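Note sheet for the following structure.
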Amino acid sequence: MPMPAQLRKRSEIYDKNINKRGSVKKSLNPEKEQKIEAERLRKKGLGSGMPGPAAGSRKLVIALLVLTLGSVLYQVFSPWFGKSSTSVKSTKPKTSLTPEQQAKAAEDILRAMNDFAAKRQKEDAEAEQETPAAKAQGPLV
């Protein structure tokens with residue numbers, strides 16, 4: 001059964017429209033094609049004067065660059081223009097003890113450590129003396 005004339009004509013028109021892969025018109029109606037193209041440009045932020053996402057991202061990149069460069073310049077020039085919160089603090093610790101009191105405290109700590117080590121050695125020696133008797137009995141299996 002042959003195709004109806006109107007359907008065949010419409011099919012031929014659309015077949016002529018497709019010449020190259022990827023370059024097919026959105027519509028055969030020129031007015032509709034212009035509307036589609038204007039909508040595409042508006043979404044990209046071109047043509048209509050309204051800023052699109054591309055313009056917003058440029059502004060964000062510029063703002064980050066200004067912030068970074070401003071921070072670098074501040075860090076570089078802050079030593080010449082007064083004290084900064086990031087300046088190096090004095091490494092000398094603040095203490096309320098005099099040097100004599102510090103020396104006495106250090107001696108006390110060393111004495112306590114020596115007493116602990118002596119006690120530990122004594123316990124180890126006593127444990128070593130008990131083990132030969134336990135070895136003489138043999139295995140407890």
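Yes or no, residue by residue, for (1) hydroxyl-bearing (Ser, Thr, Tyr); (2) touching a Pro at 6+ places or on another chain (Cβ under 6 Å); (3) modelled with pLDDT under 85:
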residue	(1), (2), (3)
ARG58	no, no, no
ALA63	no, no, no
VAL72	no, no, no
PHE81	no, no, yes
SER85	yes, no, yes
SER96	yes, no, yes
Every residue from the stretch 1-22 that is modelled with pLDDT of 75 or more and among the small types (Gly, Ala, Ser)
ALA5, SER11
Please determine whether any residue of the stretch 119-130 is outside the structural domain of ASN17 (by TED's automatic domain parsing) and at pLDDT below 80.
yes
When the residues of the stretch 30-52 are narrowed to those that are in contact with a helix residue (DSSP H, G or I) (Cβ under 9 Å, 6 or more places away or on another chain) and not in a helix (DSSP H, G or I), which ends up modelled with the highest pLDDT?
GLY45
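The values are calculated or read from the model by the stated rules, or taken from the named source; none is laboratory data. Because the structure is predicted, anything quoted here is derived from the model rather than measured. Glycine also receives a Cβ, built like all others from the backbone with ideal geometry; neighbour counts cover every protein chain displayed.
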